[in-house]
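The values are calculated or read from the model by the stated rules, or taken from the named source; none is laboratory data. Because the structure is predicted, anything quoted here is derived from the model rather than measured. We place every Cβ from the backbone using ideal geometry, glycine too, and count neighbours over all the protein chains shown. What goes into the accessible areas is simple: the full protein's heavy atoms, side chains included, and nothing from ligands, DNA or RNA. Shrake-Rupley method; radii C 1.70, N 1.55, O 1.52, S 1.80 Å.
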Amino acid sequence: MSPCPICGTDCPADWLTCANCGWDVTPESRLAIAQQPSHLHWGRSLWQRLQRELALTQRFEAIEQRLAQLEHDRLEHDRLSQDESGQISAGISPGISPGISEFDDIYHPLGFHLAQQEWREADAWTWERILEVAGLNRGGWLDGDEIAAFPQGELQTLDELWYAYSEGRFGWSVQAEIWWGSGGDYNQFCDRVHWRSGRTWLYYEELNFARQAPRGHFPVLPWRKRACYGLGGLTAAETLNHWMTRFPPLS
Ligand SMILES: [Zn+2]
């Protein structure tokens, strides 16, 4: 029994290929790969990429299920509201669990904008929601401690809605992948999400609000006016770093 050189699964000596990843695990192949480390590296990185894509696909499917459930509950809610319209006035509430109905009430505007691909409205709504949850007034901003203390469930829900409705193009988890892939370099990040064009930092009005806006373009968390201006006492890079720390890199 020895581990597969690609995925690490323990392979009995009589296996020809790894049952997990399909790699050739014969002694001949092991010898050849030992002499060609670049092939081994290529195989491993391909395998890791597949694993990441699989994880993203599974996550996306889970969100789709959740959205379908929400839509189902919403329709059920509407139906019951109509059926029982007479009874509601008599004091009988529609038969829907308060958790889901509350979720729907709160996030419906965001789901609506995202479904219409109204990225500008969705982004504005998201920003106001963040300030509201953080207990800040309109036009405020969050400092590092406030970002660190921002409720995880709220962050995840907002991210999942963005991710699901944009079919994996937008959301903080997408931005985090780009951020960590850029080594936490704000300039590089901005080039990749097109918050900077050439050497020119974009103003908010110059963002791409079209259907095919670049990957990671939204939502906008670390700045509101121009991509090179910070918020409050923090630079845009510092603010983004605080938020991205909430989405640590996949191991
Ligand atoms: Zn394997």
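CYS21 meets all of the listed conditions (1) in a helix (DSSP H, G or I); (2) within 12 Å of the ligand (Cβ to nearest atom); (3) among the hydrophobic types (A, V, I, L, M, F, W, C); (4) open to solvent by less than 60 Å² (accessible area, probe 1.4 Å) but one, namely (1).
Consider ARG169 carefully, then state whether it is of a type in the set (Lys, Arg), touching a Leu at 6+ places or on another chain (Cβ under 8 Å) and within 30 Å of ARG49 (Cβ to Cβ). Considered against the rule, which asks whether it is of a type in the set (Lys, Arg), touching a Leu at 6+ places or on another chain (Cβ under 8 Å) and within 30 Å of ARG49 (Cβ to Cβ), ARG169 comes out as no. Pairing each residue of region 1-14 that is among the β-branched types (Val, Ile, Thr) with any residue that is within 13 Å of the ligand (Cβ to nearest atom) and assigned to a loop (DSSP other than H, G, I, E, B), provided the two are 6+ apart or on different chains, yields C-beta distances under 6 Å for ILE6/CYS21; ILE6/TRP23; THR9/CYS18; THR9/ASN20. Filtering TRP42, TRP47, TRP15 for residues that are within 10 Å of the ligand (Cβ to nearest atom) and either part of a helix (DSSP H, G or I) or within 29 Å of PRO249 (Cα to Cα) (or both) leaves a single hit, TRP47.
Matching residues to (1) small (Gly, Ala, Ser); (2) open to solvent by less than 40 Å² (accessible area, probe 1.4 Å); (3) over 27 Å from ARG211 (Cβ atoms):
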| position | (1), (2), (3) |
| --- | --- |
| ALA134 | yes, yes, yes |
| THR157 | no, yes, no |
| LEU161 | no, yes, no |
| ALA164 | yes, yes, no |
| ARG169 | no, no, no |
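Please indicate, with yes or no, whether at least one residue in region 168-176 is over 14 Å from the mean Cα position of the chain (by Cα), assigned by TED's automatic domain parsing to the domain that holds GLY230 and part of a helix (DSSP H, G or I). Scanning region 168-176, I find no residue that is over 14 Å from the mean Cα position of the chain (by Cα), assigned by TED's automatic domain parsing to the domain that holds GLY230 and part of a helix (DSSP H, G or I), so the answer is no.
In region 171-194, the qualifying residues are those that are of a type in the set (S, T, N, Q) and within 14 Å of THR245 (Cβ to Cβ), and the one that is most open to solvent (accessible area, probe 1.4 Å) is SER173.
Considering the conditions (1) of a type in the set (D, E, K, R); (2) open to solvent by less than 50 Å² (accessible area, probe 1.4 Å); (3) modelled with pLDDT of 75 or more, GLU84 is excluded by exactly one of them, (3).
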